[in-house]
């Protein structure tokens, strides 16, 4: 959600600012802009729409200079428009870009108006620009002005500011939103995501909560929340530039769907061997701690929440301990009762999801046994602030609609469920069966991907539809939720996921010949129950689209049926999810929507 790029160098930075914004397009945005300081002073260009619209504006009105900031905005305060686009300016050449939400912006706006500042946008960010300028006018240098301004801000922010009064440096600050420092020999960078900087450097400093940083082309300095100069560790990124290119695929989402066999294999590598989950995969001392767990609380948002719902079934069935999964934005605003020896588990692809981070910080103030993060980004806030970590290994995921991140989250959570069960006396036979399930996953996913052409044909039946219903039971109820989410995210068809047993309690009223009903039918203990639910749909003339275990195909009756390979209890939810991803993808392509950047959505939701 929103993107920031800042560069100080001894050369023109305009092209690299644009390239950085393009690398961040996957985050979701509705306008873009940049500001540059050159010999004549500071100037900016902004455009509603895509980065290419900003690029066209620059071709008509070029900007060049050795220092600049750039931004892609996802509207929160104020409609998408050029006047609300970042960077925002104040006074004599002060320019600011900002991710996040300032909760006390109305109060600060009123205060700044009384001292003569005029506002030209509807944004909370313009308040930051005027506040920094106010302190500059009082005699502070840019670093001090930013430090004083951030002390007044309530909410979440990542900020980069520059002023023509100090034309050789940028000052950045973060609290609640990510900001990373990139290092090079004779130029330095700031960005909200390392993907913006990978063509320029592989050396990064992940700023801590409350940090303020000042950068020039020949050096950097970091200060903590108390204003004390500090050294932060420098990390070498192993991300490949090839990982963020589409290659032969039409869309990132399709590429990432097809990367799932490898990303799942990577997530399992070194964690299972000889029919067992390896000890120590959760960190030093974690196995002893897991043995003490008597309850699990899972917190996540969106797709990650659906992964948590599947894990709830696994943990209770295998380990025999209570497990609760809850949406972070709800959990953080209630007063949870914490049972003794409860493990607090957070799940996030980015590790910067605002509500999930807030829930983790709230959990630190309560008597949880420990806090475990399941995450895809090693240096994210979620990882740094948790007691234990199990990294997924999905690699960069660019498409807004999560695919391979979900599969790797399920894989990691299955490892957690098996390990918890192992500490509670899971039989060697069942343990080995679960591990065999996990080992089979990459091959089973490849087999599911071979259904691509058949699913593409099936998708034609959805193109003119406005509603769809997804059904599943047990661990496949969350898969139905996820299938519905994918369809609505990228095709804009209203879709609902429902537990199949609840058909008679409302959704059956919607079923007729115009309503596609998608059902997920593995060969499990709930199969006969699901068959009865399918008959209820057929009796109302509903259009059934069935994804079934091929071993039970002949008992599933009429409808549009696609057969998947037989799967064990752990593998099935991961494998049956894959064709639902492909269905959503192909429906979206046929409807002509923006698959990788669906309207109104962002990849990393770093605000409430």
Inset, instruction - Give the dimensionless ratio obtained when the Cα radius of gyration of the stretch 183-293 is divided by 2.2 N^0.38 Å. - result: 1.50
Inset, instruction - Order by neighbour count: 81, 121, 31, fewest other Cβ atoms within 10 Å first, most last. - result: 81, 121, 31
Inset, instruction - At 7 Å along the Cα-to-beta-carbon direction for both residue 494 and residue 39, put a label point, then send me their distance in nm to one decimal. - result: 6.2 nm
Inset, instruction - Identify the residues of the stretch 30-55 with backbone N under 18 Å of a label point that sits 7 angstrom from the Cα of residue 79 along the Cα-to-Cβ direction, or state none. - result: 30-32, 47-50
Legend entry - Cα gyration tensor shape for the stretch 61-188, rounded if a/c is under 1.5, else prolate or oblate: rounded
Legend entry - Point-to-point label distance, residue 249-residue 274, nm (Cα→Cβ direction, 7 Å offset): 3.7 nm
Legend entry - Volume in Å³ per residue [convex hull over Cα atoms, computed for the stretch 473-559]: 91 Å³
Inset, instruction - Could you run the Debye sum over the Cα atoms of the stretch 270-356, one equal point scatterer each and no solvent, and tell me log10 of I(q)/I(0) at q = 0.14, 0.20 Å⁻¹, two decimals? - result: -0.56, -1.08
Legend entry - In degrees, nearest ten, helix 142-152 long axis to first principal axis of the chain (Cα): 50 degrees
Inset, instruction - Could you work out how far helix 125-137 tilts from the main Cα principal axis of the chain, as a 0 to 90 degree angle to the nearest 10? - result: 30 degrees
Inset, instruction - Would you mind getting me the FRET efficiency between residue 337 and residue 529? Use the beta-carbon distance for r and R0 = 22 Å, nearest 0.05. - result: 0.10
Legend entry - Quarter of the Cα convex hull surface for the chain, i.e. its orientation-mean projected area (nm²): 27.7 nm²
Inset, instruction - Note the per residue figure in Å³ for the convex hull of the C-alpha positions in the stretch 136-183. - result: 72 Å³
Legend entry - Overall form of the stretch 444-509 per C-alpha gyration tensor (a/c, 1.5; a/b vs b/c): oblate
Inset, instruction - Pull up the DSSP beta bridges for the chain and report the antiparallel fraction as a percent, rounded to 5. - result: 60 percent
Legend entry - Relative contact order (%) - the stretch 374-418, alpha-carbon pairs under 8 angstrom, separation at least six: 38 percent
Inset, instruction - Kindly express, to the nearest 10 degrees and within the range 0 to 90, the angle between helix 14-23's C-alpha long axis and the longest C-alpha principal axis of the chain. - result: 20 degrees
Inset, instruction - Pull out the extension gain between residue 550 and residue 138, defined as 0.36 nm times the separation in residues minus the alpha carbon to alpha carbon distance; nm, one decimal. - result: 140.9 nm
Inset, instruction - Express as a percent, rounded to the nearest 5, the fraction of DSSP beta bridges in the stretch 260-448 (both residues included) that run antiparallel. - result: 10 percent
Legend entry - Percentage, to the nearest whole number, of Cα pairs in the stretch 450-608 over 21 Å apart: 42 percent
Inset, instruction - State whether the stretch 3-239 is rounded, prolate or oblate according to the following rule on the C-alpha gyration tensor (a ≥ b ≥ c being the square roots of its eigenvalues): a/c under 1.5 gives rounded; otherwise a/b larger than b/c gives prolate, and the remaining case gives oblate. - result: rounded
Legend entry - Simple label model, 7 Å out from Cα along Cβ direction - residue 103 to residue 361, nm: 0.9 nm
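Throughout, read-outs are computed from the coordinates displayed, never taken from laboratory work. Since the structure is predicted, the reported quantities are computational estimates derived from the model, not experimental observations. When we count neighbours, we look across all protein chains shown, and the Cβ atoms used for this are built from the backbone with ideal geometry, even at glycine.
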